[in-house]
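Structure first, commentary second.
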Amino acid sequence: MILLSGVSPRTLASATARVRDGERAAARAPESVPLTVSAYCEVTEDIVAAARQIKPICAAIARNGGAPVLALAGIHVDVPAVPDVIDGVYPDLAHADDWDAAVKAVSPWVDDAAALRFAEEFCLFGHRRRHRPAAAGPARRRRRRGLPPARRLVRPAHRPHRIRRRLGAAGLVTKATPA
């Protein structure tokens, strides 16, 4: 099962609990469904600048019904009901060919503070040393927190070759798949 909850401890624990409840309801063995966590990542020294680039993803999540989940993490964005195609953004916010146009289009709805909070709460943004202990932490500690075992699977969505190369050099990726 692929969880799209990002790495937010609250949403990840909630999503994991729902899967485990489903296992029990289906009379399956406990922890028989393997979990994979998906998160956007950027290895960088400048988290603020990198967070600005994730604004379209944050807006797309809010627009597609995820605003309450974002609010749980203190991220308050008000994305209006906009058409699927926004001038200069094709094919949509989360998959824009012109990423800079998508960032500009959503900036009135997702400010820099909300983007930074989103990057810190749901994504793996920052220096490699910041995330290595969390990604490679002991399974026992993760189980106590209600989190699935750590698997080093990364689906970079933006500039995949550069991100894979940088994460691989940092020893953070054992398997990466393009978005």
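Conditions tested, residue by residue: (1) at pLDDT below 85; (2) within 19 Å of Gly6 (Cβ to Cβ); (3) polar (S, T, N, Q).
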site: Leu72; (1), (2), (3): yes, yes, no
site: His76; (1), (2), (3): no, yes, no
site: Val85; (1), (2), (3): yes, no, no
site: Tyr90; (1), (2), (3): no, no, no
site: His95; (1), (2), (3): no, yes, no
site: Asp100; (1), (2), (3): no, no, no
site: Ala105; (1), (2), (3): no, no, no
site: Phe122; (1), (2), (3): no, yes, no
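Checking each residue in the range 97-110 for being more than 18 Å from the chain's Cα centre (by Cα) and either part of a loop (DSSP other than H, G, I, E, B) or in contact (Cβ under 8 Å) with a residue 60 or more places away in the chain (or both) picks out Asp97, Asp98, Ser107, Pro108, Trp109. Screening Pro9 on (1) under 16 Å from Leu70 (Cβ atoms); (2) without any contact (Cβ under 8 Å) to a residue 24 or more places away in the chain shows it passes everything except condition (2).
Can you name the helices (runs of 4 or more DSSP H) wholly within the range 1-96 that have at least 1 residues being over 20 Å from Phe122 (Cα atoms) and not small (Gly, Ala, Ser)? Before the answer, list the steps.
Details: elements: 9-25, 47-52, 55-61, 67-72.
Here the list reads 9-25.
Scanning the range 31-69 for residues that are outside the structural domain of Arg117 (by TED's automatic domain parsing) and on the phi > 0 side of the Ramachandran plot yields one hit, Glu31. Inside the range 37-65, can you point out the residues that are surrounded by fewer than 17 Cβ atoms within 10 Å (Cβ to Cβ) and without any contact (Cβ under 8 Å) to a residue 12 or more places away in the chain? The answer is Asp46, Ala49, Asn64, Gly65.
The values are calculated or read from the model by the stated rules, or taken from the named source; none is laboratory data. Since we're looking at a predicted model, the values are computed, not measured. Because the Cβ atoms are built from the backbone with ideal geometry, glycine has one as well, and the counts that use them run over all protein chains shown.
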